[in-house]
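Remarks on the structure that follows.
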Amino acid sequence: MTFAIITHVPHIAKGTHYYAYAPYVREMNMWAKQVTELIVVAPIVKSEKTAVDSAYHSPKIKFIPVASFDLLSVSGLLKTILKIPTISWQIYKAMRAADHIHLRCPGNIGLLGCIVQIFFPNKPKTAKYAGNWDPQSKQPRTYKLQQWILSNTFLTRNMQVLVYGEWEGSTKNIKPFFTATYTEADKVPIVNRNLNDPIHFVFVGALVSGKNPLYAIQLVERLLQKGHQVRLTLFGEGKERQQLEHYCTQNKLEDCIVLKGNQTKHTIQKAYQDSHFVILPSESEGWPKVIAEGMFWGCVPIATKVSCVPFMLDYGNWGLLLDMNLEKDSAVIESLLKDQPLFDRKQMKGAAWSRGYTMDVFEAEIKKLLLDS
């Protein structure tokens, strides 16, 4: 089977290998195991691979580079108008050569893929919508357009659309799905965390405004001011890093808040295993892997009420849902710090839930999708 992937994810070419953001590539390698050939339509960037990049494992891969584009400015829009015909033709050729078409949405390339796939009504297709599918959420118009096309069973035929969460009013081609990082073999016993020890928080994600890393820092700062022994480690890079470091310096937080930048999967895993809480005060998410990963290793999650996050935390039964109010949120965390039995229950219930979504289960579900298509 020839499997065509249409994605906006930037790739790095090194010899005959293609690298991209590791969590995405790990997932695509699961699909690749079930097929004989990959066609990847995606942008190429000229940069060095980092600790968060990984390579495709497929022995037979055809890469079709396309230009990236944006619709955020007048100049960007004008350039986009010139690029769209060429990109659309490249997507069309890849889809024509494929036995199965796979779209990665939301994204600009995914939007074009949504439109071009209309011309292949009889080919089996899947789309992975990795963002927030909640129809009531506030999202860019291009995201809403992708949701509308994918949900329209007249325009979009013979496709299963994989989304995070279950949403009322969904069309018959919308399938609740999940993602995973760890395997059944990774299920070593959870280590209990003592709340009498210094409390460790971990943040994993891009250091950008949408992820609200400053709010995570301020929450820990507020707990410090209340006399708690707390420490926060942030993993990730982004344009806010310098601002965050300046904030920590100005407020004399360097001893308890550390920014580690991008790190390997193993280093992140060790941080989860050593932490009491994983925190993600993000404005928008699909299925936040860092929350599921932290829970897998026994971290109690602290996250915002976006997308399917309330479902992931069982509406607060095995985690804490943020209101984005420093006084209120820090008080809720402080209350939990004083209740070891409640913390233990949240930890064990959350870990049990997360460990139900392994790569083994994920691979089995992918096989079903391809067999049913």
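The values are calculated or read from the model by the stated rules, or taken from the named source; none is laboratory data. Keep in mind that this is a model prediction, so the values were computed, not measured. Positions of Cβ are generated from backbone atoms using ideal geometry, with glycine treated the same way; all protein chains shown enter the neighbour counts.
Observations, loosely collected:
- Consider region 192-216 and keep the residues that are closer than 25 Å to P23 by Cα and in a loop (DSSP other than H, G, I, E, B). The one that is nearest to the chain's Cα centre (by Cα) is G205.
- Answer residue from region 261-287, given it is farther than 20 Å from M348 by Cα and among the charged types (D, E, K, R) and is nearest to the chain's Cα centre (by Cα) among those: E285
- Selection from region 301-344 of residues that are in contact with a Ser or Thr (Cβ under 8 Å, 6 or more places away or on another chain) and hydroxyl-bearing (S, T, Y): T304, S307
- Looking only at region 226-244, and only at residues there that are exposed (fewer than 15 other Cβ atoms within 10 Å of the Cβ) and more than 21 Å from the chain's Cα centre (by Cα), the one that is nearest to I190 (Cα to Cα): Q229
- Residue in region 181-189 that is surrounded by 16 or more Cβ atoms within 10 Å (Cβ to Cβ), touching a residue at least 24 places away in the same chain (Cβ under 8 Å) and closer than 28 Å to A51 by Cα present: yes
- Close pairs from region 139-152: first touching a residue at least 60 places away in the same chain (Cβ under 8 Å), partner outside any helix (DSSP H, G or I), Cβ under 9 Å, at least 6 apart: Q139/P106; Q139/G131; Q139/N132; Q139/S284; T142/L71; T142/P106; T142/G107
- All positions within region 133-158 that are buried (at least 23 other Cβ atoms within 10 Å of the Cβ) and aliphatic (A, V, I, L, M): L150
- The combined condition, being touching a residue at least 40 places away in the same chain (Cβ under 8 Å), basic (K, R) and surrounded by fewer than 13 Cβ atoms within 10 Å (Cβ to Cβ), is not fulfilled by K172.
- Test: residue in region 79-102 that is touching a His at 6+ places or on another chain (Cβ under 8 Å) and either at pLDDT 95 or above or within 25 Å of M359 (Cα to Cα) (or both): no
- Pairs where the first residue, in region 343-371, is under 22 Å from P310 (Cβ atoms) and the second is β-branched (V, I, T), C-beta under 6 Å, 6+ apart: K346/V300; Q347/V300; A351/I190
- Any hit, region 46-54, residues being touching a His at 6+ places or on another chain (Cβ under 7 Å) and not assigned by TED's automatic domain parsing to the domain that holds H266: no
Condition check ((1) under 20 Å from the mean Cα position of the chain (by Cα); (2) charged (D, E, K, R)) across all residues:
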| position | (1), (2) |
| --- | --- |
| P85 | no, no |
| N108 | yes, no |
| G113 | no, no |
| K125 | no, yes |
| G131 | yes, no |
| S137 | yes, no |
| K144 | yes, yes |
| V161 | yes, no |
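- Any hit, region 112-132, residues being in a loop (DSSP other than H, G, I, E, B), loosely packed, with under 15 Cβ neighbours inside 10 Å and either in the same structural domain as A42 (by TED's automatic domain parsing) or acidic (D, E) (or both): yes
- Qualifying residue in region 183-202 (condition: assigned by TED's automatic domain parsing to the domain that holds R241, touching a helix residue (DSSP H, G or I) at 6+ places or on another chain (Cβ under 8 Å), over 28 Å from N325 (Cα atoms) and among the aliphatic types (A, V, I, L, M)): yes
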